[in-house]
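The values are calculated or read from the model by the stated rules, or taken from the named source; none is laboratory data. Everything numeric here is computed off the predicted structure, so don't read it as measured data. Here the Cβ positions follow ideal geometry from the backbone for every residue, glycine too, while neighbour counts run over all protein chains shown.
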Amino acid sequence: MAKYLIKRIFYLLLTLFIVITVTFFMMKLLPGTPLTNQQKLSPAQQHLILKQYGLTKPVWQQYLIYVAGVFHGNFGTSFQFSDQPVSYLISSRIGPSLLLGAQAMILGVIPGILVGALGAIKKNTWVDSTTTIVSILGISIPSFVLAVLLQYYIGLKLGWLPIADWGGFAYTILPTIALAASPFADTARFIRTEMVDVLNSDYIELAKAKGLSKWGVIYHHALRNSLIPVVTIIGPLAVNIMTGSMVIENIFSVPGIGEQFVKSILTNDYPTIMAVTIVYSLMLMVVLLITDIVYGIIDPRIRITNTSK
Amino acid sequence: MADEVKLPADAFEPLDKSKHLDSEKISAPNLTFMQDAWRRLKKNKGAIIAMTLLIIFFVMAFGSAFISPHNPNAVNPQYANLPPKWPGVGINGFNGTLVQAGSRVDAYKAAGAASSVHYWLGTDYLGRDLLSRILYGTRISLTVAVVATLVDLLFGVTFGLFSGWKGGRIDNFMQRIIEIIMSIPTLVVVVLLILVLKPGMMSITIAIAFSSWTTMARLIRAQTLELKEQEYVLAAKTLGESSIKIAFKHLLPNLSSIIIIQTMFTIPSAIFFEAFLSYVGIGISSPKASLGTLLNDGQKNFQFLPYQMWYPAIVLSIIMIAFNVFADGLRDAFDPQSKG
């Protein structure tokens, strides 16, 4: 276990290092400087500004400085908001994103499990068809379309909830629903197929033959065994929510890092783009690592040490 | 037990040999793998409806390159923001009227349009025909998605086959590469690539292809690992067949169902990505249009001219639903034992 963990953390750091390197050199390929009114500035002034951003040194030195900085939590200075360190931009904005993400994960996964299980138990009835249709719709309708519709009909027409901005719990409801739709549908589909499989297995037959009640079988044997693999889709769901958050945060004007990312892309704020890329990758890698470890712990059939193949 | 039955020879009547030759034969015709899958697919009503819808959308989207009610890029400021109007239909929403400041007005009259002028799905803020724009946008969206998927398929299948076939250290190394790519959020990769390659159809296609091949490669590798242990592969090897030939003649045909199913699931996610990027503003740039840019344009006027967003949204959703349902049906048809 300890050996596995060390190996995984080593790969995590290696991947992080590759991400940093690739993003750094990709950004260096791009044109664009922190100078806004380039024509009006004298060469000496330009040089001063570039020097302030550390852009006068050779690229390899900039790279080393950047890598060293990243591991100290220093991501440079934003091009867009002058004098704002990128690390401050991110740390002040990560809260809303994490909150929304966590809420969306809970709102997506738990109802998804219930709906998926219901579909499997009532297989080939109208309940099953309804849950299947709902999950296909959830997968197919883009989150940003859903977000705009929610915002217009529930926020504006009915006036039940605030249409945008960030203030309290009420402000988080609509973005959370919009973000949760696709994880919900994914989970429901996943649980349904898992559970149909489990319900056909021999130990369910045995449990039934022992004379356990129908719901006893479903709860103690079927549901518990179908829940274990759900851990494996947490990673992809997290990616899903991260992707969604970029546009959902924009639509609902949530001051999160997704919104910041889009803004930085549209304004060529390279230091911020790089930083958000690294933060996103790190978050995903940590989620993947945790889910792998949790999976090994809760499922006795999987032994982490035997994962060589 | 004791009494013996004696039968004279003429109690037997010889049968016509030619008639009963086939009595032992199994009567169902031999079906190839594809025919078998098609037979199962036909039973799935949802999948057939989805397939029909997809064919209709493809024909309309690509046919509109030749026959289109209007030029999708023709700007006509005089007729800007006209709501849908169908000749001879009086229902609100299709008669060219709009609710403005609490009362219904005939937008066509207000724009001074002749009574013969009608736009089936209305016009956008520059007076471009929305129906033509949607057909055009669907064409771009589908092209990007299909091309990206083909590139992804080519690369993913090759990578997976090679990795699985070689095994050992090479496989290990190639799997590490995939793991690294997979632990970077797809969207981030796509955005970085688009920034470097400059927004446009080409870069968006490359970016989507580049970031989605890993799943295909993993599936193909896992299956190749299994297939290469099969007797027929061993036989081919023993007979001195080259690796490339084994890959084409033995492995690929056996991988075809996985490839087809995975392709059908990749296309809708590529459509989604394209729409997403164009919606955010880093995808297709004007005057080109895709479903994503149309949604983005429509969303700005959603409060007053809801039809400008509703129609692209409906088209996008139907295409996504159809692809997902069809892919589900294909999976069941190709692999009846699969989960689901």
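Of the residues making up the range B:143-155, those that are more than 18 Å from residue B:271 (Cβ to Cβ) and in contact with a helix residue (DSSP H, G or I) (Cβ under 7 Å, 6 or more places away or on another chain) number 1. Filter the range B:138-177 for residues that are within 14 Å of chain A (Cβ to nearest Cβ) and buried (at least 18 other Cβ atoms within 10 Å of the Cβ) and give the result. Correct list: B:141, B:145, B:163, B:164. Residues of the range A:78-94 that are assigned to a helix (DSSP H, G or I) and either free of Cβ contacts under 8 Å to residues at least 60 places away in the same chain or among the polar types (S, T, N, Q) (or both): A:87, A:88, A:91, A:92. Residue B:331 meets the conditions (1) within 25 Å of residue A:259 (Cβ to Cβ); (2) among the basic types (Lys, Arg); (3) within 20 Å of the chain's Cα centre (by Cα) in every case but one. The failed one is (1). Number of residues in the range B:238-284 that are farther than 19 Å from residue B:213 by Cβ and within 14 Å of another protein chain (Cβ to nearest Cβ) equals 7. Take residue B:274 and decide whether it is under 27 Å from residue A:239 (Cα atoms) and assigned to a helix (DSSP H, G or I). Spelling it out, residue B:274 is indeed under 27 Å from residue A:239 (Cα atoms) and assigned to a helix (DSSP H, G or I). A residue that is in a helix (DSSP H, G or I) and away from every other protein chain (no Cβ under 14 Å) can be found somewhere in the range A:185-192.
Residues that are without any contact (Cβ under 8 Å) to a residue 24 or more places away in the chain and in a helix (DSSP H, G or I) were ranked within the range B:301-340; the one that is surrounded by the most Cβ atoms within 10 Å (Cβ to Cβ) is B:313. Does the range A:164-183 contain any residue that is part of a loop (DSSP other than H, G, I, E, B) and among the aromatic types (Phe, Trp, Tyr)? Within the range A:164-183, one or more residues are part of a loop (DSSP other than H, G, I, E, B) and among the aromatic types (Phe, Trp, Tyr). Every test in (1) loosely packed, with under 15 Cβ neighbours inside 10 Å; (2) of a type outside the set (S, T, N, Q); (3) modelled with pLDDT under 85; (4) more than 28 Å from residue A:275 (Cα to Cα) is passed by residue A:165 save one, and that test is (4). Residues in the range B:285-296 that are surrounded by fewer than 23 Cβ atoms within 10 Å (Cβ to Cβ) and more than 11 Å from chain A (Cβ to nearest Cβ): B:285, B:286, B:287, B:288.
Within the range A:84-109, being among the aliphatic types (A, V, I, L, M) and surrounded by 18 or more Cβ atoms within 10 Å (Cβ to Cβ) holds for A:86, A:89, A:90, A:100, A:104, A:105, A:107, A:109. Selection of the range A:250-263 for residues being within 11 Å of chain B (Cβ to nearest Cβ) and surrounded by 24 or more Cβ atoms within 10 Å (Cβ to Cβ) yields A:258, A:261.
Could you tell me whether residue B:188 is of a type outside the set (Asp, Glu) and within 14 Å of chain A (Cβ to nearest Cβ)? Considered against the rule, which asks whether it is of a type outside the set (Asp, Glu) and within 14 Å of chain A (Cβ to nearest Cβ), residue B:188 comes out as yes. Residue A:155 meets each of the listed conditions (1) away from every other protein chain (no Cβ under 12 Å); (2) more than 30 Å from residue A:201 (Cβ to Cβ) apart from (1).
Evaluating residue B:74 against the criteria (1) touching a Lys or Arg at 6+ places or on another chain (Cβ under 8 Å); (2) in a loop (DSSP other than H, G, I, E, B); (3) at pLDDT 80 or above leaves one unmet condition, (3). Residue B:189 meets each of the listed conditions (1) touching a residue at least 40 places away in the same chain (Cβ under 8 Å); (2) among the hydrophobic types (A, V, I, L, M, F, W, C); (3) within 30 Å of residue A:265 (Cα to Cα); (4) buried (at least 18 other Cβ atoms within 10 Å of the Cβ) apart from (1). For the range A:206-222, does any single residue satisfy the condition of being out of contact with any Gly (no Cβ under 6 Å at 6 or more places or on another chain), within 26 Å of residue A:287 (Cα to Cα) and either at pLDDT below 85 or within 13 Å of another protein chain (Cβ to nearest Cβ) (or both)? No, the conditions are met nowhere in the range A:206-222.
Name the pairs: first residue in the range B:51-79 and under 18 Å from residue B:290 (Cα atoms), second residue aromatic (Phe, Trp, Tyr) and surrounded by 15 or more Cβ atoms within 10 Å (Cβ to Cβ), Cβ to Cβ under 6 Å, at least 6 apart or on different chains? Here the result reads B:72/B:136, each pair linking the range B:51-79 to a residue that is aromatic (Phe, Trp, Tyr) and surrounded by 15 or more Cβ atoms within 10 Å (Cβ to Cβ).
With the structure loaded, tell me whether residue B:183 is modelled with pLDDT under 80 and of a type in the set (Gly, Ala, Ser) or whether it fails that test. For residue B:183, the condition - modelled with pLDDT under 80 and of a type in the set (Gly, Ala, Ser) - is met.
Residue count for the range B:122-137 under the criterion of being crowded, with 19+ Cβ neighbours inside 10 Å and touching a residue at least 60 places away in the same chain (Cβ under 8 Å): the result is 11. Note on the range B:219-259: among residues that are of a type in the set (Lys, Arg) and in contact (Cβ under 8 Å) with a residue 40 or more places away in the chain, the one that is surrounded by the most Cβ atoms within 10 Å (Cβ to Cβ) is B:221.
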